[in-house]
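Visitor: My questions will all concern the structure given below.
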Amino acid sequence: MSAAMAVAGALIISGPAGASPNPLADPAAQTARTPLERQILSQGNGWASEGTGTTGGAAAEDSNVYDVSTKAELLAAFTNAGSQAKIVRVHGTIDANTAPDGSPLTCENYAEGTGYSLEQYLQAFHPASYGLSQKPVGPQEDARRLAAAKQAKSIRWDIPSNTTIVGATPESSISGAALRINGATNVIVRNLTVRDAADCFPSWDPTDGAEGNWNSEYDLLQVINKATNVWIDHSEFTDAPNLDSSQPHYFGRQYQVHDGAVDVTNGSDLVTMSFNRFSDHDKLLLIGSTDSLTRGDPGKLRVTIHHNVFENVGQRAPRVRFGQVDVYNNHFKVTEDSTIPYGYTLGAGFESHLHAEANAFTLPAGIDAANIIGRFKGTAITTIANAVNGEITDLRAEYNAAAVPADQLAADDSWTPTLRTQVHPAQAVPGLLHKSTGPIFTAGGEG
């Protein structure tokens, strides 16, 4: 491997006008001159550096470097060269809800020819007549599934192995897509905004909770089906401007058109998420999809989440089952005017091993430190030197003080994270990350 490929996150090629390179944004910023798209994850930078490490498409031949600005170009780039190393540079905004000729596709277009009508669906499954004891069955549910399948075919895109996908500028984005790293290995996603994977056809589940709930299908990015060695860095994930809070209520419940932001499930492993910005989204990071032992999750789902900003997110930041998940030096912020109802941040799920250290929480009045942890069959969690509104706070002790005896959480002494960059004091994290997360780079020139 050449020296030019040996350093991860090495150089801010260009940034905001007049700005100086920020060493925190990339630790090796002053020492390397590797183009953004050729950078690899450095050793010791989270779980994705384990094993064979994560190099993405850094070794791509020039013929396998693609500059794309349309959906057709992007999908062709994913297909070309098979599993050979490839680099995909995204220019401008690529909209997933478009036809092959580039014309826009609406929810009405997807519903054409299926027989689906939201009005008829609401009539068919109104709790007053259909009840709350069984899931929807019948012609309108069948039609909804057909329409949903048409949308899925248009917006669900798989990123292949040995790929680096990178925003060519800080303004580069993908809108409306449900991206997946589906059984692939060695993938890098950087410098890219991914937004609003809105489901045109949410399903009503009368049996979900006491009053039923609407459920949507698509995550902004799924790491699924034994995908391994994935680095997600300096990107942004958001629902804005199409927030669920702007959707109507049906049957007294929020019509929810978004699901997760980044989910890691089904035996996937060795993932690092660094210097990203997550905002205006409810269900955020689900690590482990079910409590079942049949999905290949035990011993997998090893994820590092460091130096990210989470602003106005509702829950699952992350929610963990099985995995050893290291969460350090992140800033979790809820503003007074947030339209996303706050549930919790750190979810201790079935057989989870979640280690949260030196994170900063900025919370308004009305959200107590005891609410930061949520328990979902978990038995232990480690919380060390975290700060709430600038004060070092024992998050587990705060949670246990408010929880009933049956829901107490012990300290998890089963493992100690080692694959880390510099760990900063929690009180310093908000200032350090103020202008260091999300897309801030400009990628190299033509390949």
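Rule-based calculations on the coordinates, nothing more; no lab input. Values in this document were obtained by computation on a predicted structure and should not be read as measured data. We place every Cβ from the backbone using ideal geometry, glycine too, and count neighbours over all the protein chains shown.
Visitor: At a 10 Å Cβ-Cβ cut-off, how would you order Val271, Val423, Val404, fewest neighbours first?
Guide: Starting with the residue having the fewest Cβ neighbours, the order is Val404, Val423, Val271.
Visitor: Dividing the alpha-carbon radius of gyration of region 3-432 by 2.2 N^0.38 Å (N being the number of residues), what value is obtained?
Guide: Relative to the 2.2 N^0.38 Å estimate, region 3-432 comes out at 0.98.
Visitor: Among DSSP beta bridges whose residues both lie in the chain, state the antiparallel percentage, nearest 5.
Guide: If I count the DSSP bridges inside the chain, around 10 percent turn out antiparallel.
Visitor: State which entries of Lys300/Lys435; Lys135/Lys333; Lys226/Lys283; Lys153/Lys283; Lys283/Lys333 exceed 27 angstrom in Cα-Cα distance in the structure shown.
Guide: Table pairs above 27 Å Cα-Cα are Lys300/Lys435; Lys135/Lys333.
Visitor: Using mean Cβ contacts within 10 Å as the protection proxy, how do 58-69, 240-251 order, highest first?
Guide: In descending order of packing, they fall as 58-69, 240-251.
Visitor: Still on this structure: Rank-order 72-80, 262-270, 357-365 by packing density, defined as the average count of other C-beta atoms within 10 Å over each peptide's residues, highest first.
Guide: The packing order, highest mean first, is 262-270, 357-365, 72-80.
Visitor: Further question: Just report the Cα centroid separation between region 202-261 and region 312-363, whole Å.
Guide: 17
Visitor: Right, something else. Which loop GluC sites (Glu not before Pro) in region 257-356, with loop taken from DSSP, have no more than 15 other Cβ atoms within 10 angstrom of their Cβ?
Guide: Counting only loop positions with at most 15 other Cβ atoms within 10 Å, the GluC sites (Glu not before Pro) in region 257-356 are Glu336.
Visitor: What spacing in nm lies between the two simple spin-label points modelled at Asn371 and Ile392, each 7 Å away from Cα in the Cβ direction?
Guide: 2.6
Visitor: Here's a follow-up. Tell me, what is the percent relative contact order of region 3-432, built from C-alpha pairs under 8 Å that lie six or more residues apart?
Guide: 11
Visitor: How would you rank His306, His424, His353, going from fewest to most other Cβ atoms within 10 Å of each one's own Cβ?
Guide: Placing the least packed residue first, the sequence is His424, His353, His306.
Visitor: I would also like to ask the following. So what's the back-of-envelope 222 nm ellipticity for the chain, counting only DSSP H runs of four-plus at -39500 (n - 2.57) apiece and dividing by all residues, rounded to 500?
Guide: Taking each H run of at least 4 residues, the total per residue is -3000 deg cm²/dmol.
Visitor: Shifting gears a bit: Return the loop-located trypsin sites (Lys or Arg not before Pro) in region 271-345 (DSSP other than H, G, I, E, B) with at most 14 other Cβ atoms within 10 Å of their own Cβ; answer none if there are none.
Guide: When the trypsin sites (Lys or Arg not before Pro) of region 271-345 are filtered for loop state and at most 14 Cβ neighbours within 10 Å, nothing remains.
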